[in-house]
Amino acid sequence: MKKGSCINKALFILNPYAGIPPVKFIVTKELSRRRHELSYYKSLSIDESGSLIKNNFDKYDVFIAAGGDGTVHTVATELIGSEKKLGVLPIGSGNGFARELGFRPNIRSLLNDIEKGECLDIDVLQVNDNLCLNVTGIGLDSFVAHSFDRLKTRGFWSYVGVTLLNFLKLKPFNVKISIPGEETISEDLFVLTFANNRQFGNNAFIAPEAVPNDGKMDIVMIRPFPKALFFVFVYRLFTKKLHKSAYVKYLRTDKDVTVRTSETRFHIDGEPVWISGDVCIRIQKEALKVLRTKHLKKHIII
């Protein structure tokens, strides 16, 4: 690639707090080494990331989130509805969105994708006033997100430990789901997930048939099951076979969905949030432009 060819096309927003240390070290060092070939800033907060993008909005065609799912969410929020493209340099723990769109922690490959400049228009979910790129919901995954957020350590095994602890004390919660033109669903559940993509992250496929640009959201309901089956569920989660369980129900819709529950511990793209009262989840079709990568997954509509 010609030196300097991407410097006026893309701005990298690096979250120095995100990421697994070895990967983060390599990526940060590579960004520094290529400082004459590309533009990047270190952002220390959500507000700072937003300001960086606003102040440079007209200067760049592509904005690269260098971090985890939270960093991707922050950058994407500023780009919704515009002609600007989102790219990802994944260095987080789960990297669910990045994995699904084919982004890898390889700067050289990413620079080639930027140079080509091809993009996809993908859907996003709206959770009340909050943006969701990947998955949102309530139940075991949201309880884990709230617990994980309080940890000082990151990484896959920390996440596994928190998941086990939360599962051991997990109790069903009641939820009412209303979809226009359909009968209201009332269920006691362990998990309720609304998915725009297939996985939470780390190749844990909660909605194996979800597609981020098909104009629909996938709803996943996991009913209470014997806790002795936990590792069976984990196996099915990582092998895209969760739909074979009698305790799991899937729905797909392009309509607005209203959720009522007394539980307030939600997550949006793996980040813990507190939501009380009615929760409305709707889909915004083709609302975000995402850089098309060399490693784009085959299930995504081109």
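Laboratory data are not the source of any read-out in this text; all were calculated from the coordinates shown. Keep in mind that what you see is a predicted model, and the values were worked out from it rather than measured.
Projection of the Cα convex hull of the stretch 10-117, averaged over all directions and equal to a quarter of that hull's surface, yields 6.1 nm².
Taking the Cα atoms only, what angle lies between the long axis of helix 69-79 and the longest principal axis of the chain, rounded to 10 degrees? Helix 69-79 sits at roughly 70 degrees to that axis. Find how many whole Å separate the alpha carbon centroid of the stretch 223-253 from the alpha carbon centroid of the stretch 33-94. The stretch 33-94 and the stretch 223-253 have Cα centres spaced 35 Å from each other. Relative to the longest principal axis of the Cα atoms of the chain, the long axis of helix 140-149 lies at roughly 50 degrees.
Only Cα sites of the stretch 235-289 enter the Debye sum here, all with the same form factor; the resulting log10 I(q)/I(0) across q = 0.22, 0.26, 0.27 1/Å is -1.13, -1.07, -1.06, listed in q order. Here, the stretch 77-147 is characterised by an Rg to Rh ratio of 1.01, where Rg is the alpha-carbon radius of gyration and Rh the Kirkwood radius. In this structure, the residue pairs whose Cα-Cα separation is over 21 Å, taken from K169/K240; K9/K42; K54/K285; K171/K227; K42/K297; K9/K84, are K169/K240; K54/K285; K42/K297.
Helix 156-168 sits at what angle to the longest principal axis of the chain, using alpha carbons and giving 0 to 90 degrees rounded to 10? The helix 156-168 is inclined about 20 degrees to the chain.
With semi-axes defined as the square roots of five times the eigenvalues of the C-alpha gyration tensor, the equivalent ellipsoid of the stretch 130-286 measures 23, 17, 17 Å, largest first. Considering all C-alpha pairs of the stretch 110-158, those separated by over 15 Å amount to 69%. When the Cα gyration tensor is reduced to axis lengths a ≥ b ≥ c, the ratio a/c is 1.5 or higher for the stretch 99-223, and with a/b not above b/c it is classed as oblate. Averaging the sequence gap over all C-alpha pairs within less than 8 Å and six or more residues apart, then dividing by the number of residues, gives the chain a relative contact order of 22 percent. Debye-formula intensities of the chain, expressed as log10 I(q)/I(0) at q = 0.08, 0.13, 0.16 Å⁻¹, are -0.34, -0.89, -1.31 (one equal scatterer per alpha-carbon, no solvent).
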